[in-house]
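Asks: Handing you this structure, nothing more for now.
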Amino acid sequence: MNERDLLRHLLATLAYRGGKCIREAPESFARFQGGGGKTPLAILAHMGDLLEWTLDMARGRKGWNTAVPQSWDQEAARFHRALEQLDQHLASGAAIQVEVSRLLQGPLADALTHVGQLAMLRRLDGAPLQGENYFAAEVTAGRLGPDQAPPRKPF
């Protein structure tokens, strides 16, 4: 698997695991105050910022944008849209204008960390995610929307 294919698989992993945290969250979850940090809504908005920044860097643009968080549903759509736009850039064969290793160690690793935060906050809010064997999960490059495959090996 080359770097581009690996990045695309990582984006699909973010869509699968992040989507699991987003889907069917209780209405009150977006504003949950657990642990004294950011709310789930602020974390999800930040994830959108990270993914948009990743695309900008891949295209050779500099700069950072901190979006004002919208509703949970709007930020969920933004998350998936940002994944799709980044994947389209990678799938097109267009040049990646920054070191792939820096994208991995920076914004993409940060986004994965925030997926874990959302999962933890779901548990703290009384709406835990069902466990599953992620090694067996059907994660497919290019599948980046909210409709993901069901767990193959839940527990």
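Asks: Using the Kirkwood radius built from alpha carbon pairs, what does the Stokes-Einstein equation give as D for the chain at 37 °C and 0.692 mPa s, in µm² per second?
Replies: 207 µm²/s
Asks: Now for a separate question. Among rounded, prolate and oblate, which fits region 79-122 when a ≥ b ≥ c are the square roots of the eigenvalues of its C-alpha gyration tensor, a/c under 1.5 means rounded, and a/b larger than b/c means prolate?
Replies: Here region 79-122 falls in the oblate category.
Asks: In whole percent, what relative contact order does the chain give with Cα contacts below 8 Å and a gap of six or more residues?
Replies: It rounds to 37 percent for the chain.
Asks: Give a quick list of GluC sites (Glu not before Pro) in region 1-76 that DSSP marks as loop, anything other than H, G, I, E or B, with at most 12 other Cβ atoms within 10 Å.
Replies: Listed in order of number, the matching sites are Glu24.
Asks: Starting from 0 in steps of 10 Å, tell me what percent of the Cα-Cα pairs of region 1-56 lands in each bin.
Replies: All Cα pairs, binned at 10 Å, distribute as 20, 43, 26, 9, 0 percent.
Asks: For region 77-155, which trypsin sites (Lys or Arg not before Pro) are in a loop by DSSP, counting at most 16 other Cβ atoms within 10 Å?
Replies: Arg152
Asks: Nearest 20 debye, what's the magnitude of the dipole of region 1-71 about its Cα centre given +1 on Lys and Arg Cβ and -1 on Asp and Glu Cβ?
Replies: In total the dipole reaches around 80 debye.
Asks: Taking springs between alpha-carbon atoms closer than 10 angstrom, which of Gln33, Gln130, Gln97 fluctuates most in the Gaussian network model of the chain?
Replies: Ranking Gln33, Gln130, Gln97 by mean-square fluctuation puts Gln130 first.
Asks: If the cut-off is a Cα-Cα distance under 16 Å, which aspartates and glutamates reach Lys153, setting aside same-chain residues fewer than 8 apart in sequence?
Replies: Excluding near neighbours in sequence, the set is Glu132, Glu138.
Computed from the coordinates by the stated procedures, all read-outs in this text should not be read as laboratory data. Bear in mind the structure is a predicted one, so any value in this text is a computation, not a measurement. Methodologically, a virtual Cβ is constructed for each residue, glycine included, from the backbone with ideal geometry; neighbour enumeration extends over all protein chains shown.
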